Amino acid sequence: MSEFLALLLAYYTCDAAAQSQMPLGGDRLACMETYEEVKGWFAPLDAAPPGTPEHGAQRIETYIAFRAWEAENAETVARLRAQAEDAVE
């Protein structure tokens, strides 16, 4: 779980930097990779081929699952977001 929380901290740090319009430079690619890694924690193991309607539906389900996890773990999310915001200030 600590690996996942470290990944989320990086995810929220990228988000905070983007919202503050802080230039990410070379970190932009790392942020894109981080976003994909977070999605991977919630994506189905048997992913449909890209470009198919099933794949699109799975991406939506993945997002919904992530948002549900955030809602269920609101205190942890708030703490990580606060750390991320402090890191970009």
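The values are calculated or read from the model by the stated rules, or taken from the named source; none is laboratory data. Computed from a prediction, not measured in an experiment: that's the story for all the values here. For accessibility, only protein heavy atoms count, side chains too; no ligands or nucleic acids. Shrake-Rupley method; radii C 1.70, N 1.55, O 1.52, S 1.80 Å.
Computed over the alpha-carbon atoms, the chain gives an Rg to Rh ratio of 1.01, Rh here being the Kirkwood radius from the mean inverse distance.
Taking only protein heavy atoms into account and a 1.4 Å probe, give the accessible area per residue of the chain in Å².
Heavy-atom SASA per residue in the chain reads 69 Å².
For the chain, the relative contact order comes to 43 percent (Cα pairs under 8 Å, sequence separation of at least 6).
Is the C-alpha gyration tensor of the stretch 42-89 telling us rounded, prolate or oblate? Criteria: a/c under 1.5 is rounded; beyond that, a/b larger than b/c is prolate, otherwise oblate.
Here the stretch 42-89 falls in the prolate category.
When the helices of the chain are scored as -39500 (n - 2.57) per DSSP H run of n ≥ 4 and the total is divided over every residue, the value at 222 nm lands at -26000 deg cm²/dmol. Our coupling estimate for the stretch 39-48, obtained by passing each phi through the Karplus curve with A = 6.51, B = -1.76, C = 1.60 and θ = phi - 60°, is 4, x, 5, 10, 6, x, 5, 9, 5, 6 Hz, Gly and Pro reported as x. Element breakdown for the chain at a 1.4 angstrom probe: carbon and sulfur atoms account for 57% of the accessible area.
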